[in-house]
Every structure is written in C-alpha cells, then in structure tokens.
Amino acid sequence: MISSLRIIVSGLIAQYPLGGVTWDYFQYVLGLVRLGHDVYYLEDTGQWPYNPHEGGVSKGCEFNVAYLSGLMSRFGLADKWAYRFPWQSQWFGLTEEKRLEVLRSADLLINISGTLERPEDYRQVRRLAYIDSDPVFTQVKLARGQMDFRKLIDVHDVHFSFGEHLSAAVPDTGHRWCPTRQPVVLSEWHPSTPHRDVFTTVMNWTSYNPVVYNGQTYGQKDVEFLRFLALPSLASPTVFEIAVNEGKTRHAPRPLLVHKGWRVVDPEVVCPNLESYRRYVESSKAEWSVAKNGYVVGQPGWFSCRSACYLAAGRPVVVQDTGFSAVLPVGEGLMSFTTEEEAVAAILHVEANYARHTKAARAIAEAYFDSDKVLTRLITEALGN
C-alpha cells in the first residue's frame, strides 16, 4: 500500500470542454483522490482553448475556466486546480503562491497525452511521468527525427503508453514504454440504466493529417470507417448510430453515411458535457466502432478510453482489432474484428446473447480498468517502487 502522495495531473479539460475529453482526464484525478492522495489538476498547454459555443478557438477563456471550475467544485476539489491562459500568461484557480508550493512539494506529475507546453518548467517535481495516449503516432514522430518532440518526451523520468503490446510494426524510439490503460472510476458508471435498442459510438472523423514513415502511411478513422460503410444493411435489423465530429482535416460525409443506413448525430448536441456523455453511453445497447488506421497498421494493443467507459456501463463493445487481444479478454463482453464478416458475426453474437455479454462487459471493466488497480500500478512504476 502506497502512502498518501501529492500528485499533479495535467490534461485538456479546459482546452476541450467536451464530455468525452472530460472523462478521459478527470477519471485520473477522481481515481487518485479515491486512493487517498492529495491531487491537483494543472492545465498549461500554451494553446488558446476551444469553445463549442463559438464553434472554434475561443476569443477568451471565460467559458473554459467556468467549465473547469464547475467540474472541480462539484467533486469537492474547488481549491485543487490551476489553468494558464496563454495571453499574458494569465493563471486561474490556485494563487501563485499556492501553485508554486504545490510544485515544490509534489511527489509526481502525470503528464497525460503530453499536454504540458514546457514540461521542463516543472522539473522541481520529484518525478515526471509521460503518458502516451496516441501510440504508433507518438513513436513515428520520434522515429522521423522531430527533435523538439523528442526533447519534450525526454524531460520525463518515466514513459507510459496506451500501446500495451507494441508490435514490430511500431518504430523503436530508444525509450522504455511501460504499458498502461485508461483508469475508470467504476462507481460513476451504472449498468442498471435503461438503454435504447441501438449500437452507438462517439468519434472524430479525423483528428489530424495522416503521417508517413518508411513508405507506410498511418491514417485516421475515416480510412477504416469507409471499409465498413455497408454494415447497417449487412447486420440488419441492428440499428447503428454515430455521434461524429466533422473532422479537423476531412469532413465526415454525412449524406453518404445516412444513405448507407447510419444514424448520424452531433456529439456537441447529444453528449457535450460530463453528464450527457455518461447518459449517452449508458443509454446505448452496445458500442460498435473502428480505430484509427495508424492503430490498425501498427497493432500496438491500444484500447479506447471511450470503450472502457462502455464496458464499465455494462455495455458490450465490438471494436476493430488493434492487437488488444494480447492483453484483454475477447469473446464475451468485448469482441474484436478485422473484416466486415467478423464485425457482422460479432454483432449478431451480442444480439443473440445480450444478457451474457452485458455481464461480461462489466466484469472486464472491473478486472482490467478499475481506477484503483490501474492507478496503483502506474504510481508504483512511476516512482520506481
């Protein structure tokens, strides 16, 4: 049992004040608090934040600060956060005196997704841990010789990756990537919630441009989704709904998707915040989704934070294979596929044995994603204990 530590978590809660993003980072905070640690959330990305009500980059940070402040206050953490707005380097939340005192006394800083603009500014913390939430793409960037990125990575004492089983297709970077996964606070997800008769997912059509290394292209979800465009007709009468963002580099072809039988909804309408995102997941019968093309090519053993929440809500998950079967059990509650035929077979199996799959889904979450287990292991490895 590790004694109480002072831990700082970094993330993108204010940067992207959206439901799924909030859960991704806040479950670290909440999970560490549940373990009895003294936890602070600090956000210092150096970027101007996104405001969904303005449809893009915000002209200020009032909405974003209020969103973060409200979240932290709701869970009894009103005096446990700090946010830096890049214009004139304005800090919100903790006083400067308290923020500096926390930095000087902290045992560990967990830099999730490498969100800190300048992690070297936080070297006074005893240990810095980097969490690679985008495996394959992270390693390709390093292998391509992006020295600024390498310097950012190398500032940290220990390196974790959601690529829990990095294959030979993933370039070697000279780092020791410790496997880790999304922590889920199980008490926040409720399998008993009534659900609709619909398979759903929440996704970005694209997040950034494809990258190329040694002649291999590593693309986004759009590449893979188009391979399964006919799924609604092949798996009829199962209904499929996707809450899909337009995409940052290529727009989702909404008319084509609807024509092919997909229900298409706007995530900023159906699941814009913490509560509505949870309701959307819990109101689903199951999840069906593809992965980024780069994950499919690289087979790193990556598993979605979102899919972990579906499992915790007792919702079966049918997702494209990224090599995760090497570390997670598949066959009941969690089904993987590589082809259209396998996807259809998995969906039909879930439909025919639904009660068994729901029970198995929650059991997988309890065994593999419970924040108590995931975070205890992460802290032990981060501190070298």
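Of note:
- Nearest-10 value in Å² for the accessible area of Leu256, using the 1.4 Å probe: 70
- Between segment 346-385 and segment 60-75, the alpha-carbon centres lie 30 Å apart.
- Portion, in percent, of the accessible area of the chain that falls on carbon or sulfur, probe 1.4 Å: 52
- Residue-averaged 222 nm ellipticity for the chain, from DSSP H runs of 4+ at -39500 (n - 2.57), nearest 500: -9500 deg cm²/dmol
- Segment 296-326: chymotrypsin sites (Phe, Trp or Tyr not before Pro) falling in loop per DSSP and having at most 15 other Cβ within 10 Å: none
- Tensor-based shape of segment 241-307 (alpha-carbon gyration tensor, a/c under 1.5 rounded, otherwise prolate or oblate): oblate
- Average accessible surface for the chain: 39 Å² per residue, computed with a 1.4 Å probe over protein heavy atoms with every protein chain in place.
- Extension reserve of the Ala345-Val264 stretch, reckoned as 0.36 nm per residue once the Cα distance is removed: 26.9 nm
- Cβ charges +1 (Lys, Arg) and -1 (Asp, Glu), total dipole of segment 87-237, debye: 160
- Taking a ≥ b ≥ c as the square roots of the eigenvalues of the Cα gyration tensor, segment 66-171 is prolate, since a/c reaches 1.5 or more and a/b is larger than b/c.
- Over all Cα atoms in segment 273-381, the spread is summed up by Rg and Dmax: 13.9, 42 Å.
- Estimated at 0.36 nm per residue, the fully extended path between Ser73 and Thr95 surpasses their Cα-Cα distance by 6.3 nm.
- Cα centroid of segment 1-57 to Cα centroid of segment 251-275, whole Å: 26
- Each Cα pair under 8 Å and six or more residues apart adds its separation to the average, and for the chain the resulting relative contact order is 17 percent.
- About its Cα centre, the dipole of the chain is roughly 20 debye, where the only charges are +1 on Lys and Arg Cβ and -1 on Asp and Glu Cβ.
- Considering only Pro329, Pro49, Pro267, the Gaussian network model of the chain with Cα springs below 10 Å gives its largest mean-square fluctuation to Pro329.
- Once the Cβ-Cβ distance of Ser4 and Val212 is raised to the sixth power relative to R0 = 41 Å, the FRET efficiency obtained is 0.30.
The values are calculated or read from the model by the stated rules, or taken from the named source; none is laboratory data. Being a predicted model, the structure only gives us computed values, none of them experimental. Glycine also receives a Cβ, built like all others from the backbone with ideal geometry; neighbour counts cover every protein chain displayed. Only protein heavy atoms, including side chains, enter the accessible area calculation; ligands, DNA and RNA are left aside. Shrake-Rupley method; radii C 1.70, N 1.55, O 1.52, S 1.80 Å.
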